[in-house]
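Structure first, commentary second.
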Amino acid sequence: MLFWETPYVSALIVFSVVLLYGILHSVLATKRAKQLARAWGGEYAPRTFRLFYNLFATVTLLPVLALPAMLPDQLLYEIPYPWTLLTSALQLLAVLALGAGVLQTGFWSFLGVRQLMMDKEDKPAHLVVSGLYSRVRHPLYTAGLIFIWLIPRMSVNFLALNLGLSLYLILGAMWEERKLVAEYGEAYVRYREQTPMFLPGL
């Protein structure tokens with residue numbers, strides 16, 4: 001096996017691709033990107049921006065998720081039965097929490113469909129601080145982190161994938177909070193002081 005075909009080189013490739021994915025999508029989520037979209041697409045662009053952003057993020061994420069299985073890999077551990085019943089149950093709860101969080105903030109708004117029906121760019125009417133959001137500030141990210149770290153078979157490549165995605169979610173949450181403070185002001189500052197970021201009680 002050649003040096004560049006070893007699992008650890010593959011893991012470095014996976015981690016780098018995830019970071020590039022995160023950087024690209026973080027740049028596209030900036031106010032500058034939305035201003036460019038408005039300049040190129042006119043007044044209609046802000047109403048379609050979130051929908052196209054979500055579609056682009058989903059389509060480009062698929063090859064990132066497939067990459068670990070395509071490169072040389074090495075198994076690190078495998079969770080045995082019956083512990084897989086527990087991890088699977090926790091993953092199911094994470095999926096349900098993800099769905100509940102999306103519904104709480106508005107499913108069609110989250111996808112970007114509701115914005116198409118509006119006369120101008122969508123602006124959230126109020127800050128959501130109830131339900132799951134009363135426990136943590138980023139329940140969707142918490143659910144995602146729980147899901148990816150409880151996969152029953154962990155290999156070198158998937159470890160690199162999880163580390164990259166975790167870093168992306170954590171830094172993305174920090175970046176998102178800067179925008180939320182700018183949007184909601186003192187209301188979000190108070191909410192941030194009273195509510196943990198990812199884990200209840202921390």
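Remarks
- Amide proton proximity set for residue 76, modelled H, under 5 Å, gap of 5+: 154, 155, 156
- Taking θ as phi - 60° and the Karplus parameters 6.51, -1.76 and 1.60, the scalar couplings of region 143-151 work out to 4, x, 5, 4, 5, 6, 7, 10, 5 Hz in sequence order, x denoting glycine and proline.
- Neighbour net charge for residue 196 - beta-carbon separation under 10 angstrom, K R +1, D E -1: +3
- Gyration tensor (alpha-carbon) shape descriptor, region 2-118, a/c threshold 1.5: oblate
- Residue list for region 23-60, given a label point 7 angstrom along the Cα-to-Cβ vector of residue 182 and an amide N cut-off under 11 Å: 30-35
- The chain: relative contact order in percent, alpha carbon pairs under 8 Å with at least 6 residues between: 33 percent
- Ranked packing of 14-26, 79-91, most packed first, by mean Cβ within 10 Å: 14-26, 79-91
- Prolate/oblate/rounded call for the chain, Cα gyration tensor, a/c under 1.5 rounded: oblate
- Overall form of region 61-154 per C-alpha gyration tensor (a/c, 1.5; a/b vs b/c): oblate
- Helix axis angle, 83-105 relative to the chain longest principal axis, alpha carbon, degrees: 10 degrees
Readers should treat all values here as calculations from the given coordinates under stated rules, not as data from a laboratory. These numbers come from a predicted model, not from an experiment. Because the Cβ atoms are built from the backbone with ideal geometry, glycine has one as well, and the counts that use them run over all protein chains shown.
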